[in-house]
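Here's the structure we're looking at; comments come further down.
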Ligand SMILES: C[S@@+](CC[C@H](N)C(=O)[O-])C[C@H]1O[C@@H](n2cnc3c(N)ncnc32)[C@H](O)[C@@H]1O
C-alpha cells in the first residue's frame with residue numbers, strides 16, 4: 001500500500017473508535033498464550049486500537065503497554081481498561097527505551113505499518129531473545145453466509161486492502177533478516193452477533209467508513225438483508241480463524257546505536 005493511501009485509510013479508525021470497540025471480535029486466550037507465552041512478561045501491544053488484545057494479555061497476567069497513533073482509539077481503550085498503560089505512538093517512531101520489552105504483539109494492525117521503518121524500531125525495543133508476534137482474525141468463509149458477507153465487503157474494498165494481509169506482512173518480516181524463522185499457528189473463535197452487532201462490525205471497517213453516505217447505506221442494507229435471511233434465534237454465530245505468527249530476534253548484532 002502506498003504511504004498516502006495507508007495514512008488516509010488508517011486515519012479513519014479515529015472516526016468510529018466507539019463502534020470499533022463495541023463490535024470487533026476478541027482474540028482467543030489460547031492464541032495470545034501461543035503468541036506471548038505463559039510466564040508474565042513485558043508486552044508492547046502495537047496498533048492496540050481499542051485494546052482487544054491488550055485485554056486478553058492483561059487477563060493472562062502480563063504487563064502491557066498499549067500503543068496506537070489514534071487518540072480516539074486509545075480513549076476507548078482507557079475507558080475499557082483503566083489499568084492499561086496507553087501511549088500515543090506509531091510503529092515507525094516508538095518512544096520506548098531500547099531493550100525494554102519481551103514481546104511486541106501486533107493484532108490486525110501490521111499491514112498498516114511501513115515495515116521498512118517499523119521493523120527496526122521493533123527490534124530496538126525488544127530485549128535479547130525477544131519476540132515479535134502477529135495475528136489477524138479472518139472470517140471463516142467455509143461457512144456459506146460468511147462467504148456471502150465476504151463478497152459484499154470485497155465489492156467495496158479498495159484494491160490496496162485486498163489480499164492476504166498476514167502472508168504479505170510475514171514476508172516483510174522474513175525479508176528483513178532481523179528475526180529467526182517465523183512459526184505459524186491457527187485458532188478458531190466464534191463471535192455471536194445480533195443485527196446491530198453485524199452492522200456495527202461492517203461499519204467499523206476503515207474502508208466502509210470511507211464510503212460516501214449512499215454507498216454505505218446500500219452496503220448496510222444488503223448486510224442487513226443477509227442477516228435477516230440467516231438469523232436463527234436472537235443472532236448468528238460468526239466464525240473466525242485467528243492466524244498467528246511469531247519469530248524471535250535474530251542473534252546477529254542488531255542494534256543501530
Ligand atoms: C484494525 S485496527 C486493530 C486494533 C486492535 N489491535 C484490534 O485487534 O482490535 C488497526 C489499528 O492500527 C492502528 N494503526 C494504523 N497505523 C498505525 C501505525 N503506523 N502504527 C501503529 N498503529 C497503527 C490504527 O489506529 C488502529 O487502531
Connecting every pair of Cα atoms under 10 Å apart in the chain and solving the GNM, the largest mean-square fluctuation among 218, 24, 63 falls on 218
Separation of the residue 195 and residue 217 label points, Cα + 7 Å toward Cβ, nm: 1.7 nm
Mind giving me the nanometre distance, one decimal, between the label points for residue 186 and residue 148, set 7 Å out from Cα along Cα→Cβ? 2.4 nm
Tell me, what is the FRET efficiency for residue 250 and residue 4 to the nearest 0.05, using R0 = 22 angstrom and their Cβ-Cβ distance as r? 0.10
The alpha-carbon center of region 158-183 and that of region 46-123 are separated, in whole Å, by 19 Å
For 248, 92, which order do you get if you count the other beta carbons within 10 Å of each Cβ and list the fewest first? 92, 248
Pairing the Cα long axis of helix 165-176 with the longest principal axis of the chain, what angle in degrees results, from 0 to 90 and rounded to the nearest 10? 20 degrees
Say R0 is 22 Å: what FRET efficiency, to the nearest 0.05, do residue 210 and residue 141 get from their beta-carbon distance? 0.45
Hey, rough spin-label estimate for residue 29 and residue 155, points 7 angstrom out along Cα→Cβ, what's it come to in nanometres? 4.1 nm
Counting other beta carbons within 10 Å of each Cβ, put 209, 35 in order, fewest first. 209, 35
Ascending count of other beta-carbon atoms within 10 Å, so fewest first, for 89, 100: 100, 89
Whole-number Å³ per residue for the convex hull built on Cα positions in the chain: 120 Å³
If I take every Cα pair under 8 Å that is 6 or more residues apart in the chain, average their sequence separation and divide by the length, what percent do I get for the relative contact order? 23 percent
For the chain, what is the calculated [θ] at 222 nm in deg cm²/dmol (nearest 500), taking -39500 (n - 2.57) for each run of four or more DSSP H residues and dividing by its residue count? -12000 deg cm²/dmol
Here the relative contact order (percent) of region 42-91, from C-alpha pairs under 8 Å and at least 6 apart, is 40 percent
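Read-outs: derived from the displayed coordinates by stated rules, not from any lab. Values in this document were obtained by computation on a predicted structure and should not be read as measured data. Reconstructed Cβ throughout: ideal geometry from the backbone, glycine too, with neighbour counts over all protein chains shown.
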